[in-house]
Amino acid sequence: MIEVRQICKSYGKNTVLEDVNLRVEQGSVFGLVGINGAGKSTLLRLLAGVLKPEKGEILIDGEPVYENESAKRKIFFLPDDPYYTPNLSGEGLAQMYRTFYGFDENVYAEYLDRFKLSPKNPIRNFSKGMKRQVFVSLALAIRPEYLFLDEAFDGLDPLARLVFKRGLIDLVEDKKCTVIISSHSLRELEDISDSYGMLDHKTITCSGELEEDLGKIHKFQAAFSRPVSREELGFDVMTFSSTGRVIQFVVKGKEEEVAVRLAALGPIFVEEIPVDFEEMFVSEVESRGYLK
């Protein structure tokens with residue numbers, strides 16, 4: 001289990017994270033989301049023990065992670081732009097990481113083969129997506145207890161994303177691995193995440209079970225015989241837009257109560273539109289004033 005307690009992190013005078021609290025259960029696939037510059041990469045580096053917070057603590061299975069080799073051996077962190085030497089091949093990459101981690105040669109060979117990559121070719125000659133595939137294969141072959149992925153799907157084509165997602169699901173099922181994924185591909189995260197956390201205004205503004213919280217967000221479209229303003233709805237909405245006599249809005253709460261209040265305004269028609277993780281994220285961020 002991962003516990004983050006009141007951590008703060010700054011770079012010089014620039015405070016990136018402030019009073020961040022988070023709990024990720026064992027065997028969970030946790031989607032970490034936020035706008036550019038929200039601090040996702042910094043938080044992942046703190047979780048991996050690469051950086052030290054100025055305040056607060058991060059515990060992995062009850063142990064502090066920073067400068068703790070036993071805790072770090074449980075973790076594999078794949079950054080957005082992983083380091084490799086100019087002449088390093090896929091074989092050399094495996095040899096380098098094998099000295100520190102347990103390593104499944106068969107799994108590594110299997111995924112390199114699925115991605116049509118030669119282990120003997122220098123990584124520098126690969127495209128961005130192919131480089132990502134090599135490191136994804138490495139992460140799955142290490143089979144850690146805790147896997148942290150920064151912009152996990154960046155550069156991967158749709159087929160490679162599917163292979164990767166299936167590999168992550170197998171890893172969680174087989175090894176009870178805990179996965180934290182930072183990504184702007186929210187539709188991909190929704191496919192595999194059971195929990196999530198949203199970084200905004202330097203802290204975690206909301207988190208929880210993804211399916212449960214998606215069930216609390218509702219989007220309605222309604223048409224009236226006259227224009228209807230946001231204020232006339234009589235309840236707080238996360239987002240609101242109108243085109244003539246047609247309105248759309250996203251609201252958090254019980255859909256039955258919203259429907260009753262909406263019916264009191266005498267709409268010509270009302271329909272509820274499904275909300276996915278991406279729309280939930282946009283609505284949460286907009287409701288806090290970022291897009292205004």
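The values are calculated or read from the model by the stated rules, or taken from the named source; none is laboratory data. Being a predicted model, the structure only gives us computed values, none of them experimental. Here the Cβ positions follow ideal geometry from the backbone for every residue, glycine too, while neighbour counts run over all protein chains shown. Ligands, DNA and RNA are stripped out before the accessible areas are found, and what is left, the full protein with its side chains, is counted by its heavy atoms. Shrake-Rupley method; radii C 1.70, N 1.55, O 1.52, S 1.80 Å.
Among 142-150, 267-275, 31-39, 127-135, the peptide with the highest mean count of other Cβ atoms within 10 Å heads the list, and the full ranking is 142-150, 31-39, 127-135, 267-275. Think of the chain as having a plus end and a minus end, set by charges on the Cβ of Lys, Arg, Asp and Glu; of V258, G39, L214, G39 sits farthest toward the positive end of this dipole.
Listed by chain and number, the lysines whose C-alpha is less than 27 Å from the C-alpha of K175, apart from same-chain residues fewer than 8 away, are K40, K72, K74, K116, K131, K165. Here the chain carries DSSP beta bridges of which approximately 70% are antiparallel, counting only pairs with both residues inside.
Estimated from helical segments only, the mean residue ellipticity of the chain at 222 nm is -9500 deg cm²/dmol, where each DSSP H run of four or more residues counts as -39500 (n - 2.57).
Got a number for carbon plus sulfur as a percent of the chain's accessible area, 1.4 Å probe? Ligands and nucleic acids excluded, carbon and sulfur reach 48 percent. 3J(HN,Hα) along the range 40-45: 4, 5, 4, 5, 5, 5 Hz, from the Karplus curve 6.51 cos²θ - 1.76 cosθ + 1.60 with θ = phi - 60°, whole Hz, x for Gly and Pro.
Summary of packing: across the peptides 88-99, 171-182, the per-residue average of other C-beta atoms within 10 Å ranks them, highest first, as 171-182, 88-99. Extension gain, R245 to D174, is 20.2 nm, computed as 0.36 nm per intervening residue step minus the present C-alpha separation.
Positive end of the dipole of the chain, charges at C-beta (+1 Lys, Arg; -1 Asp, Glu), about the Cα centre: which of I247, C177, V285 has its Cα farthest in that direction? The residue sitting most towards the positive pole is V285.
The range 237-277 and the range 60-130 have Cα centres spaced 48 Å apart. Solvent exposure of the chain amounts to 49 Å² per residue of accessible area, where only protein heavy atoms count and the probe is 1.4 Å.
Helix 277-287 axis versus longest C-alpha principal axis of the chain: approximately 60°, rounded to the nearest ten. Starting from the Cα of K52, draw a straight line to each of the aspartates and glutamates and keep only those under 13 Å, dropping any in the same chain fewer than 8 residues away. Once the sequence-local aspartates and glutamates are set aside, what remains near K52 is E67.
Using the Cβ atoms and a cut-off under 14 Å, what net charge is assigned to the surroundings of E63, where Lys and Arg are +1 and Asp and Glu are -1? Taking every Cβ under 14 Å from that of E63, the sum is -2.
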